[in-house]
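What follows is a short report on a single structure.
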Amino acid sequence: NAGVTQTPKFQVLKTGQSMTLQCAQDMNHNSMYWYRQDPGMGLRLIYYSASEGTTDKGEVPNGYNVSRLNKREFSLRLESAAPSQTSVYFCACQGNNSPLHFGNGTRLTVT
Amino acid sequence: AQRVTQPEKLLSVFKGAPVELKCNYSYSGSPELFWYVQYSRQRLQLLLRHISRESIKGFTADLNKGETSFHLKKPFAQEEDSAMYYCALRADSSYKLIFGSGTRLLVRP
């Protein structure tokens, strides 16, 4: 039972490149989330998905897109990476009346 | 708009000293408050939530609606408490969890 799995763990991109961060959960939870963590800023919500087939913008959605492929998977895509998107990205899932369960994070550097 | 404020970026105490990590929130409705912790090289995990009114690893937190605060307290800090602590708020009927900027607790021997 892995919980929430994120891939890759590390990634370096050049400005303008695109990539997709993958997230999968085996907890059968309805809600899934993408956060970014930056020093002094804490965790900021990028996008979330309350259930399969729905997605909503969080606090900082610009420059990102998401796909809730099925109940298990929620991917985050950067179409044209910018240095400002250098961050640690966390995926999380949540069931009814349960806390957020986080993945181990993806450390992204955009040069 | 909902907001969570953690005024201290870093809190450094000696082992055995009392600890209080401050958290204030702004929200006009009935919030649900949480404390999450991230130990070195580990994933974020729930420490406690106000509706549980429990003590986890010696930590407690009381929701004070009058002062809109949810401070985390521990009477005697241990070195293994060193970590990053995040206060978070969920507005009623919302799926979103809003986090504060975090406080790094350093417990020195």
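Tell me the residue from A:7, A:15 that is in contact (Cβ under 8 Å) with a residue 24 or more places away in the chain, closer than 16 Å to residue A:91 by Cβ and β-branched (Val, Ile, Thr), please.
Of A:7, A:15, the one residue that is in contact (Cβ under 8 Å) with a residue 24 or more places away in the chain, closer than 16 Å to residue A:91 by Cβ and β-branched (Val, Ile, Thr) is A:7.
With the structure loaded, tell me whether residue A:67 is modelled with pLDDT under 95 and among the polar types (S, T, N, Q) or whether it fails that test.
no
Would you confirm whether or not the range A:42-52 contains a residue that is in contact with a Lys or Arg (Cβ under 6 Å, 6 or more places away or on another chain), without any contact (Cβ under 8 Å) to a residue 24 or more places away in the chain and surrounded by fewer than 20 Cβ atoms within 10 Å (Cβ to Cβ)?
Yes, the range A:42-52 has at least one match.
Among the strands (runs of 3 or more DSSP E) confined wholly to the range A:35-111, which include 2 or more residues that are within 11 Å of another protein chain (Cβ to nearest Cβ) and not hydrophobic (A, V, I, L, M, F, W, C)?
In the range A:35-111, A:42-49 are the strands (runs of 3 or more DSSP E) which contain 2 or more residues that are within 11 Å of another protein chain (Cβ to nearest Cβ) and not hydrophobic (A, V, I, L, M, F, W, C).
Any chance you could count how many residues in the range B:94-104 are surrounded by fewer than 21 Cβ atoms within 10 Å (Cβ to Cβ) and in contact with a strand residue (DSSP E or B) (Cβ under 8 Å, 6 or more places away or on another chain)?
4
Just to check your reading of the model, which residue among A:32, A:27 is outside any helix (DSSP H, G or I) and within 12 Å of another protein chain (Cβ to nearest Cβ)?
A:32
When the range B:65-81 is examined, which residues are found to be surrounded by fewer than 17 Cβ atoms within 10 Å (Cβ to Cβ), under 17 Å from residue B:39 (Cβ atoms) and either of a type in the set (Asp, Glu) or within 15 Å of the chain's Cα centre (by Cα) (or both)?
Result: B:79, B:80.
The values are calculated or read from the model by the stated rules, or taken from the named source; none is laboratory data. Note that the coordinates shown come from a computational prediction; the quantities given were computed from them, not determined experimentally. Neighbour counts are summed over all protein chains in view; Cβ atoms, including those assigned to glycine, are modelled from backbone coordinates with ideal geometry.
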